[in-house]
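The values are calculated or read from the model by the stated rules, or taken from the named source; none is laboratory data. Just so we're clear, the structure is a prediction, and the values are computed from it rather than from any experiment. For neighbour counting, all protein chains shown are included, and Cβ atoms are generated from backbone atoms with ideal geometry for every residue, glycine included.
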Amino acid sequence: MTAQIRNLEEARRAIDSHVHLVLELFGRASGIDFGLNRASLRWLDDLIELQRAAPGFDPEPVVESLTSLIGSFLGACIVADTKGDWHINEKGSLGVRLPNGVFVNPFQQTKEAIRRGVESGATISRFHQAAVGRVAIGGEE
C-alpha cells in the first residue's frame, strides 16, 4: 500500500480487506469495543510499543506488512470521522483527502510510529487527532 498506486478501486478493495483483518485479529484480543474509533487507535499504539520494546526488535522486517494493515485502519478511522475519502495524490501516493482538500498519509505515519515510537511523538492516535482537528478548524497543510 505504500508503493505508488494507480488504481484507486483496487486500493480500496485492499484497504477494506486490511481493515476487516485488523478488526478480526485485534478486536477479540483487545478487550475493548474495537472499531473505527480513538480507543482502538490508542490500543494499537500500545501494541506497536509492546512490539518495539521486545528484546532485539528490528522494525524493518515487519514495517511493510504492519504499515499496510494498521495504515489502512488508521485511514479508515480518519475517513469515518472526517467524511474524507481515499485519494491518490499527484505523486502517486495513497492517502486520505480531507473535506477541506488537505491530503494526509496514514501509511507514512504508521511507518514512523513503528520505527520511532511514542517517545518521538509518532503515534497513530495523535495523527488521527491532528487530521480530525484540521477538518474541524478548516486548516491547510
Take segment 55-92 and flag every residue that is more than 12 Å from the chain's Cα centre (by Cα) and hydroxyl-bearing (Ser, Thr, Tyr). Ser65, Thr82
Out of all the residues in segment 60-76, which are touching a residue at least 24 places away in the same chain (Cβ under 8 Å) and of a type outside the set (S, T, N, Q)? Val62, Val63, Glu64, Leu66, Leu69, Ile70, Gly71, Phe73, Leu74, Gly75, Ala76
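The rows are residues; the columns are (1) surrounded by 13 or more Cβ atoms within 10 Å (Cβ to Cβ); (2) among the aliphatic types (A, V, I, L, M); (3) in contact with a Leu (Cβ under 8 Å, 6 or more places away or on another chain).
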site	(1), (2), (3)
Glu10	no, no, no
Ala14	yes, yes, no
His18	yes, no, yes
Val22	yes, yes, yes
Leu50	no, yes, no
Ala54	no, yes, no
Asp58	no, no, no
Thr67	yes, no, no
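One line per residue, one yes/no per condition, for (1) at pLDDT 95 or above; (2) in contact with a helix residue (DSSP H, G or I) (Cβ under 9 Å, 6 or more places away or on another chain); (3) not in a helix (DSSP H, G or I):
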| position | (1), (2), (3) |
| --- | --- |
| Gln4 | no, no, yes |
| Leu21 | yes, yes, no |
| Arg28 | no, no, no |
| Leu44 | yes, yes, no |
| Asp58 | no, no, yes |
| Pro61 | no, no, no |
| Ser65 | no, no, no |
| Ser72 | yes, yes, no |
Please go through (1) over 21 Å from Ala14 (Cβ atoms); (2) exposed (fewer than 15 other Cβ atoms within 10 Å of the Cβ); (3) touching a helix residue (DSSP H, G or I) at 6+ places or on another chain (Cβ under 8 Å); (4) not small (Gly, Ala, Ser) for Arg116 and return the number of the only condition it doesn't satisfy. (3)
